[in-house]
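Each remark here refers to the structure printed beneath this line.
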Amino acid sequence: MEKIILTGDRPTGRLHVGHYVGSLKRRVELQNSGEFDKIYIMIADAQALTDNFDNPDKVRSNISNVALDYLSCGLDPEKSTLFVQSYVSELTELTFFYSNLVTVSRLERNPTVKSEIKMRGFNTSIPVGFFTYPISQAADITAFKANVVPVGEDQLPMIEQAREIVRSFNRTYDCDVLVEPKASISTNQACLRLPGTDGKAKMSKSLGNCIYLSDDPKDIRTKVMSMYTDPDHIRIEDPGKLEGNTVFTYLDAFCQDDFFAEYLPDYANLQELKDHYTRGGLGDVKVKKFLYNVLMEELSPIQAKRAELEKDIPAVMEILHKGSIEAKAVAAQTLDQVKSAMKINYFK
Ligand code: TRP
């Protein structure tokens, strides 16, 4: 069987380092592994509109932002098809057909949707489009017969629901048209759930606790220097705690041993640094300065590439246009098969 990847992001803002370690970096590795027959990376503008329907300018302006983030991180249009969700109208038809196979109570149990409803304060006024977006996400994945979906941990319930839809469709229409996808998530705990700079569970624009890939180095420095650490670690001599210490969580996600020789030669590796911190005698400022260097080591080449790409936005949009045309053709084939299986292919 062919190995096919599909994944994507909502264009509601620039991508941050949580996106990067949680999924983006891995996508680039998978892309460059050469193990996959096809890779589709989707900018989920239609999904973004399910809770931003009254803010189309926000979604529109972030199409190129997300595309720039993708390309500057190393997603390569020669190897991956980058496309825009709303261009592929076949996805909407698939969503409509799949919605017959999903109950309201099943959607209500989806933990990601549940917590998002709470976060957005929808109470009982939940837009239908938002409530049913897991079905549309199943359409995104299955339209391309993707079997591998690299995502952050919060997306696992979506993939599970997509798998159920695939099984239900193939069973109901006695066919094997749809392919069951598997999520692929990072094995690094820190990468799975990179907290915001304030130590809060999740990075989110509204909390103002994000470090964006395209942040100015000066701003990154300020954000790192004000990061949440161990509130009881007051004097340098005090022993410090690692648990819940955001600076160390970020180091777990980003640090490589060879960074020490260059930026902090008194230590050979992260464990030695942690041991000194917990023993006492190591100040937060020193660790934060090191983290800043570690982050910039990773982000500098990404930022340099972004600066280049930003000079020609029409070329970036053209990559998306070309990818969208290609993606639409693939989705149309699956839609044909779906309609045949459902016996609504009257005029073929
Ligand atoms: N829900 C994803 C997010 O919040 C975006 C997305 C839409 C997606 N469709 C998808 C991810 C299909 C993986 C597969 O960013």
Check your understanding: Based on what the data block shows, is Lys202 more than 26 Å from Ala332 (Cβ to Cβ), touching a residue at least 12 places away in the same chain (Cβ under 8 Å), crowded, with 17+ Cβ neighbours inside 10 Å and among the basic types (Lys, Arg)?
Key -> no
Exercise for review: Could you check Val179 against (1) out of contact with any Pro (no Cβ under 8 Å at 6 or more places or on another chain); (2) touching a residue at least 24 places away in the same chain (Cβ under 8 Å); (3) within 15 Å of the ligand (Cβ to nearest atom); (4) farther than 30 Å from Lys343 by Cβ and say which number it fails?
Suggested key: (4)
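Would you be able to tell me the number of residues in region 311-324 that are over 12 Å from Met42 (Cβ atoms) and either within 22 Å of the chain's Cα centre (by Cα) or touching a residue at least 40 places away in the same chain (Cβ under 8 Å) (or both)? Write out each step before concluding.
Quick first cut of region 311-324, residues over 12 Å from Met42 (Cβ atoms) only: 311-319, 321-322.
Filter once more, keeping what is either within 22 Å of the chain's Cα centre (by Cα) or touching a residue at least 40 places away in the same chain (Cβ under 8 Å) (or both): 313, 316-317, 319, 321-322.
Result for region 311-324: 6.
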Practice item. Examine region 80-93 for a residue that is of a type outside the set (Ser, Thr, Tyr), more than 11 Å from the ligand (Cβ to nearest atom), modelled with pLDDT of 95 or more and assigned to a helix (DSSP H, G or I), and state whether such a residue exists. Key: yes
Exercise for review: Go through region 136-157 residue by residue and tally those that are more than 9 Å from the ligand (Cβ to nearest atom), among the charged types (D, E, K, R) and over 13 Å from Ile39 (Cβ atoms).
Suggested key: 1
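Of all residues being β-branched (Val, Ile, Thr) and assigned to a helix (DSSP H, G or I) in region 126-135, which is farthest from the ligand (Cβ to nearest atom)? Just the residue, please.
Of everything passing the filter in region 126-135, Val128 is farthest from the ligand (Cβ to nearest atom).
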Exercise for review: Name, by its number, the condition in (1) over 23 Å from the mean Cα position of the chain (by Cα); (2) in contact (Cβ under 8 Å) with a residue 24 or more places away in the chain that does not hold for Thr249.
Suggested key: (1)
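The values are calculated or read from the model by the stated rules, or taken from the named source; none is laboratory data. Not measured: the values here are computed from a predicted model. We place every Cβ from the backbone using ideal geometry, glycine too, and count neighbours over all the protein chains shown.
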